[in-house]
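The values are calculated or read from the model by the stated rules, or taken from the named source; none is laboratory data. As the structure is a computational prediction, the values presented were derived from the model and not from experiment. FYI the Cβ positions are ideal-geometry reconstructions off the backbone, even for glycines, and counts take in every protein chain you see. Just so you know, the surface numbers come from the protein's heavy atoms only, side chains and all, with ligands and any DNA or RNA stripped out. Shrake-Rupley method; radii C 1.70, N 1.55, O 1.52, S 1.80 Å.
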Amino acid sequence: MKKNLRKKLIKLRKKNYIEINLNHIINIFKFVKKKYKHVKMIGGYIPINYEYNCTNLLKFLENKKYSISLPVVKKNYQMEFYKHSFKEPLKINKLGIPEPTKLSSKIFPDLIFVPLVGYDSKLYRLGYGGGFYDRYFERTSNIKKIIKIGLAFSFQKIKKLPVNKFDKKINRVITEKKI
């Protein structure tokens with residue numbers, strides 16, 4: 001069921017992709033600054049497959065003196081976040097995802113912008129099926145309380161996602177229409 005839903009939503013996302021504008025980026029920044037005052041380290045991602053593009057948001061936050069990190073895929077479906085500056089190059093991993101090349105400082109972000117294929121009103125997310133983010137959130141839950149914000153387009157919301165015991169909720173979803 002998830003596989004077919006994932007396929008349908010990825011196709012929909014490709015067909016209806018929207019580029020995020022500067023005003024929206026500034027509004028997200030203001031929201032994060034006001035709602036999450038303690039946040040200093042932000043995790044993000046470099047988009048693939050017509051995902052909500054948060055690259056300019058991360059660059060904007062880096063310019064505002066936030067520490068930025070990106071995920072790096074490891075063995076056994078694990079991932080870690082490493083500090084990254086957009087002054088440094090990225091490399092493409094075996095899954096076709098851009099990652100930092102400099103892996104000197106692994107960090108646990110205060111807030112992570114999470115990519116998703118779909119989401120529902122209970123704040124469950126549908127990813128690509130590898131479970132990387134769910135494993136990361138489970139593994140780090142005893143280390144740090146990380147704020148998880150899904151970035152999506154409003155048309156990616158569905159009534160109810162099929163979930164299992166491994167699926168982890170996120171804290172909120174930001175779309176092109178609503179922060």
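Annotations for the structure displayed:
- Helix-only CD estimate at 222 nm, as mean residue ellipticity for the chain, using -39500 (n - 2.57) per DSSP H run (n ≥ 4): -8000 deg cm²/dmol
- Note, ³J(HN,Hα) from phi for region 123-134, Karplus 6.51, -1.76, 1.60, rounded to Hz, x at Gly and Pro: 6, 8, 10, 10, x, 7, x, x, x, 4, 5, 4
- Taking the 1.4 Å solvent-accessible surface of the chain as the whole, the part contributed by carbon and sulfur is 53%.
- Rounded to whole numbers, the Karplus 3J(HN,Hα) couplings from phi for region 37-43 are 4, 6, 5, 10, 10, 10, x Hz, using 6.51 cos²θ - 1.76 cosθ + 1.60 with θ = phi - 60°, and x at Gly and Pro.
- For the cross-link pairs LYS3/LYS148; LYS2/LYS34; LYS65/LYS148; LYS40/LYS160; LYS65/LYS94; LYS15/LYS87, the ones whose C-alpha atoms lie over 27 Å apart are LYS2/LYS34; LYS40/LYS160; LYS65/LYS94; LYS15/LYS87.
- Net charge dipole size for the chain [Lys, Arg +1 and Asp, Glu -1 on Cβ; Debye, nearest 20]: 500 debye
- For LYS94 and MET1, the FRET efficiency from 1/(1 + (r/R0)^6), where r spans their Cβ atoms and R0 equals 22 Å, is about 0.20.
- Heavy atoms of the protein chains alone define the surface here; on that basis region 28-68 has 52 Å² accessible area per residue at 1.4 Å probe size.
- 3J(HN,Hα) from dihedral phi, region 115-120, Karplus parametrisation 6.51/-1.76/1.60, rounded to Hz, x for glycine, proline: x, 8, 8, x, 8, 10
- Taking 7 Å steps out from each Cα toward its Cβ at ARG139 and ILE18 produces label points 3.4 nm apart.
- Cα-based radius of gyration of the chain once divided by 2.2 N^0.38 Å, which approximates compact folds: 0.97
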